[in-house]
Number of protein chains: 2
Amino acid sequence: MNDEIPVVFVVDDEKAVRKSLARLIKSVGLNVQTFSSAREFLESDPSDSPSCLVLDVRMPGLSGLDLQNELDNVGYNIPIIFITGYGDIPMSVRTMKRGATDFLIKPVNEQDLLDAIHRAIEKDKQTRRERGEIRAIQQRVDSLTPREREVFSLVVTGMLNKQIAHDLGMSEKTVKVHRSRVMDKMQAGSLAELVKLALKVGIV
Amino acid sequence: MNDEIPVVFVVDDEKAVRKSLARLIKSVGLNVQTFSSAREFLESDPSDSPSCLVLDVRMPGLSGLDLQNELDNVGYNIPIIFITGYGDIPMSVRTMKRGATDFLIKPVNEQDLLDAIHRAIEKDKQTRRERGEIRAIQQRVDSLTPREREVFSLVVTGMLNKQIAHDLGMSEKTVKVHRSRVMDKMQAGSLAELVKLALKVGIV
DNA sequence: ACCTGTATTGCCCTAAGATCCAATTGAACC
DNA sequence: GGTTCAATTGGATCTTAGGGCAATACAGGT
């Protein structure tokens, strides 16, 4: 999934710009998908391969800024490279503070854009790697029963079985059984590993 | 140390700007220290209290951008708010990518600047908290003897005393002694806590 | 009624970790 | 030469953790 060919999404209302950007991006061996509006992009299917978004700031209908907000709201955080012909400093600063990876001005320097794209793709690969790992761990957590989850969260704070048993009002033996299942389901070979897994999914 | 009154450093070559910014910042109860050049700021003592830097981009001698680089190189990462009368988009983007917290244009809107300053101060407080914690943990690690450190790093991977003893060519008994000292010196009440400490200082 | 998953507990036994006491060796330092 | 510290090991004891086997209980679904 991560070794697929990266895709660059281009959203611009001018057909000539789309064509020229697509040609440039294809020339370095990357896949391209173009959209003539933010709406059109929002209605497309999220990509499974590493990707980034090259986005015109000013467009009829939803602007590039609107799209950035919208993607942020739905939690689809793809690296965004803005390109614009009219932007001002406050606009560029706002988008950068919201997490854009770059902000280029038209006419865009080809090498600058390609560099930005490569950085963005790398960044996306990295976040996909991390997310994938978190998801895998979270799935294991989800497979725990309610009781197992309780024991889990207390175990990783360093509490002894005895204390956990007292806290949850059960016998020490029961704690041991749950604890053992937790280690199994979480695929942890040791308490140390279990703690690391817990930290990665925020069960502190 | 963190509950001291925050300090805002102002670096601008124009005296009038310094005076006006200082007056504004003082008016909301913050301390101010002004500098007429980047050099002057670099030669001052780093602050112990939460602080941020309000920095003019264009100045004779070292520019604001140069100062940002220099501070980055020496690892003094104070939140920086740029202000400028002449800046362009690429410049603002470059500084933001390098970690500036804001980039405002002259004449600066007073409320915008104060908002930016408060955000920057909060950010600095946060990084100071985190750094302080890391430093405290690192000091404990530094108090470990070489052998204890070795045992430490193996313990937090989840290895058993027996395995550690074999790996390091010592008896299991010796491992236990080192391990016990590690728990003591690291002030960890349990293996779970020890693992958390190890992760915070990057001993994975 | 029957089966499954979850939760619970008891007893027993082994392995592992924690603690306390005690001792030896070598290197560094005064 | 004496002191201090790091590293090492042994023994004895106690506490924890983990696993096996067996059993009870309850809820939901077929």
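The values are calculated or read from the model by the stated rules, or taken from the named source; none is laboratory data. Just so it is clear, the structure is predicted and the values come from calculations on it, not from any experiment. Cβ placement follows ideal geometry from the backbone for every residue including glycine, while neighbour counts extend to all protein chains displayed.
Taking segment A:182-197, which residues are touching a helix residue (DSSP H, G or I) at 6+ places or on another chain (Cβ under 7 Å), more than 10 Å from DNA strand D (Cβ to nearest atom) and closer than 17 Å to A:Ile134 by Cα?
A:Lys185, A:Met186, A:Gln187, A:Val195, A:Lys196, A:Leu197
Can you give me the number of residues within segment A:146-184 that are near DNA strand C (Cβ under 7 Å from one of its atoms) and either touching a Phe, Trp or Tyr at 6+ places or on another chain (Cβ under 9 Å) or within 14 Å of chain B (Cβ to nearest Cβ) (or both)?
1
So B:Arg135 passes all but one of these: (1) within 29 Å of the chain's Cα centre (by Cα); (2) within 12 Å of DNA strand C (Cβ to nearest atom). Which condition number does it fail?
Evaluating B:Arg135 over (1) within 29 Å of the chain's Cα centre (by Cα); (2) within 12 Å of DNA strand C (Cβ to nearest atom) leaves (2) as the failure.
Within the bounds of segment B:39-48, is there any residue that is crowded, with 16+ Cβ neighbours inside 10 Å, more than 14 Å from chain A (Cβ to nearest Cβ) and modelled with pLDDT under 95?
Within segment B:39-48, one or more residues are crowded, with 16+ Cβ neighbours inside 10 Å, more than 14 Å from chain A (Cβ to nearest Cβ) and modelled with pLDDT under 95.
Whether any residue in segment A:46-54 is small (Gly, Ala, Ser), outside any helix (DSSP H, G or I), more than 16 Å from A:Ala120 (Cα to Cα) and assigned by TED's automatic domain parsing to the domain that holds A:Phe103 is what I want to check.
no
Check B:Asp124, B:Asp72, B:Asp66 and return the single one that is crowded, with 19+ Cβ neighbours inside 10 Å, more than 14 Å from chain A (Cβ to nearest Cβ) and over 18 Å from B:Ala22 (Cβ atoms). Walk me through it before giving the result.
Working: B:Asp72 fails: crowded, with 19+ Cβ neighbours inside 10 Å; B:Asp66 fails: crowded, with 19+ Cβ neighbours inside 10 Å.
When all the criteria are applied, what remains is B:Asp124.
Just one of B:Ile117, B:Ile137 is surrounded by 15 or more Cβ atoms within 10 Å (Cβ to Cβ), under 30 Å from B:Val175 (Cβ atoms) and touching a residue at least 60 places away in the same chain (Cβ under 8 Å); which is it?
B:Ile137
I'd like to check something: does segment B:140-161 contain any residue that is within 21 Å of the chain's Cα centre (by Cα) and touching a residue at least 24 places away in the same chain (Cβ under 8 Å)? Full working, then the answer.
The initial filter retains those residues of segment B:140-161 that are within 21 Å of the chain's Cα centre (by Cα), namely B:140-142.
Restricting the remaining residues to those that are touching a residue at least 24 places away in the same chain (Cβ under 8 Å) gives B:140-141.
The answer is yes, given that some residue of segment B:140-161 is within 21 Å of the chain's Cα centre (by Cα) and touching a residue at least 24 places away in the same chain (Cβ under 8 Å).
Is it the case, given these coordinates, that B:Asn73 is free of Cβ contacts under 8 Å to residues at least 24 places away in the same chain and assigned by TED's automatic domain parsing to the domain that holds B:Pro107?
yes
Looking at A:Val151 and the list (1) under 24 Å from A:Glu4 (Cα atoms); (2) out of contact with any Cys (no Cβ under 9 Å at 6 or more places or on another chain), which single condition is not satisfied?
Result: A:Val151 passes all but (1).
Any residue in segment B:97-110 that is within 14 Å of chain A (Cβ to nearest Cβ), farther than 28 Å from A:Asp115 by Cα and among the small types (Gly, Ala, Ser)?
no
Which count do you get for residues in segment B:5-38 that are surrounded by fewer than 16 Cβ atoms within 10 Å (Cβ to Cβ), of a type in the set (D, E, K, R) and either without any contact (Cβ under 8 Å) to a residue 40 or more places away in the chain or not assigned by TED's automatic domain parsing to the domain that holds B:Asp88 (or both)?
Counting residues in segment B:5-38 that are surrounded by fewer than 16 Cβ atoms within 10 Å (Cβ to Cβ), of a type in the set (D, E, K, R) and either without any contact (Cβ under 8 Å) to a residue 40 or more places away in the chain or not assigned by TED's automatic domain parsing to the domain that holds B:Asp88 (or both) gives 4.
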